[in-house]
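Beneath this line is the structure, given in structure tokens, with notes to follow.
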Amino acid sequence: MTDIKETDVLVAGAGPAGAIAARLLACHGRKVTLVDPGSCAIDRLEVLPPSGCLALQALDLFNILHDPQVARPCLGIRRRWGAMAPEFDDFLRRPGSAGYVVDRTRFDVRLRAAASEAGVRVMRGRVVAAQCEGERIQAAIRTCAGDVILAASVAVDATGRPAVLARHLGARRRVLERLVAVRGENSHANNADDAPTWLEVESLGANWFYRVAGPGGRLETWSIRRGEDRSRRSAGRSINASSVRLSPAAGVRWIAVGDAAMSFDPITSQGLVSAFTTALAAAGTVMSSRGLDAETAHVFSQSVTATAQNSERGRRDVYQALTVGQNGA
């Protein structure tokens, strides 16, 4: 007979969205179990714009960015379309006035540590099935010691793009545009200079290209192309960069956060901001007087849809400018 364990809140996935949602809920007295296989570190750099810094300040986690091994100051985004003069998106002009390039491996470790310090219980395992049983969500967790059933009043899906838990509960992923990101050969170049840097974006033939320097001078370059390219996935050079949203993004007793709720083209630099803001919104919904009922789930889902659609319009405008510049118009 499969062992059944009880918890107030099940959070599936220990990336930034999952770790932050789990920490918030634990700080407000909920018994939280964070389920994660613990074997999938994100080995890449990611830009955190000023809006994300403001969210970290609200979460009392901004001090993590003071560690030079975790984050490097970023001045903004420099774009060049073909032969046109560069355009600058200066972070000093935005609310918050500061941005960073984050080493995701080290950053995620610090966020998980903050969750543990708040009393979050970590279970090493993977969600393989889930269903709503009366007043509880029951999830089958595959661990190295065998399968466990975890029963919770609320489930938070933070499993990233696959949205594993939500899809078991009936949600569907809607792809807005299929994109693939391919890592350049010089992504681990060393440079001791840790002065503030820029995210550089430019055209590269029919594709888009971006380059950024992170903590310790680590340099990463990526090209973004339309369509799918599975040929290089095994070498770790190619990742799914498609624009995707979940429909719905929440239901009675469950809610999705971070990339599970909506995923972005990495050039938009919205991934971490989305992780923080959806985690905040989800925790607030769970702790509200109504909790996660049909109405509050619908409101959250509508917000996710509106955010994804707005982001997609902005991204298409930027890429249209790129194409015009490339053609010399």
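What follows draws every value from the coordinates through simple rules; no lab data is involved. Everything quoted here is computed from the prediction, not taken from an experiment. So basically every Cβ, Gly included, is an ideal-geometry build from the backbone, and we count neighbours across all protein chains shown.
Apply 1/(1 + (r/R0)^6) to the Cβ-Cβ distance of Met287 and Arg316, taking R0 = 35 Å, and write down the FRET efficiency to the nearest 0.05. Rounded to the nearest 0.05, the efficiency is 0.45. Two decimals is fine: what is log10 I(q)/I(0) at q = 0.09, 0.11, 0.13 Å⁻¹ for segment 1-157, from a Debye sum with one equal scatterer on every Cα and no solvent? At q = 0.09, 0.11, 0.13 Å⁻¹ the computed log10 ratios are -0.39, -0.54, -0.69.
Using only Cα coordinates, the Kirkwood hydrodynamic radius of the chain works out to 20.4 Å. Here is the list for segment 32-140: GluC sites (Glu not before Pro) lying in DSSP coil, each with at most 11 other C-beta atoms within 10 angstrom of its C-beta, are Glu135. Taking the longest Cα principal axis of the chain as reference, the axis of helix 294-326 is set at about 10 degrees. With r as the distance between the Cβ atoms of Val128 and Arg94 and R0 = 41 Å, compute the FRET efficiency 1/(1 + (r/R0)^6) and round to 0.05. For R0 = 41 Å, the calculated efficiency reads 0.45. Only the Cβ atoms of Lys and Arg (+1) and of Asp and Glu (-1) were treated as charged; on that basis the dipole of segment 15-60 about its Cα centre amounts to roughly 220 debye. The fewest-to-most ranking of Trp254, Trp198 by surrounding Cβ atoms within 10 Å reads Trp198, Trp254.
Once both labels are positioned 7 Å from their Cα atoms along Cα-to-Cβ, the gap between Ala118 and Thr143 label points is 2.2 nm. Short-range pairs are left out: with C-alpha atoms under 8 Å and at least six residues apart, the relative contact order of segment 3-326 is 22 percent.
Calculated [222 nm] ellipticity per residue, helices only, for the chain: -9000 deg cm²/dmol; basis is -39500 (n - 2.57) per DSSP H run with n ≥ 4, divided by all residues, nearest 500.
For the chain, the longest principal axis of the alpha carbon atoms and the long axis of helix 271-287 meet at an angle near 20°.
In terms of the mean number of neighbouring beta-carbon atoms within 10 Å, the peptides 272-284, 10-22 order highest first as 10-22, 272-284. Counting beta carbons within 10 Å around each of Asp259, Asp157, Asp265, Asp67 and listing the fewest first gives the order Asp67, Asp265, Asp259, Asp157.
Of interest is the spacing of the C-alpha centroids, which for segment 97-150 and segment 234-294 amounts to 14 Å.
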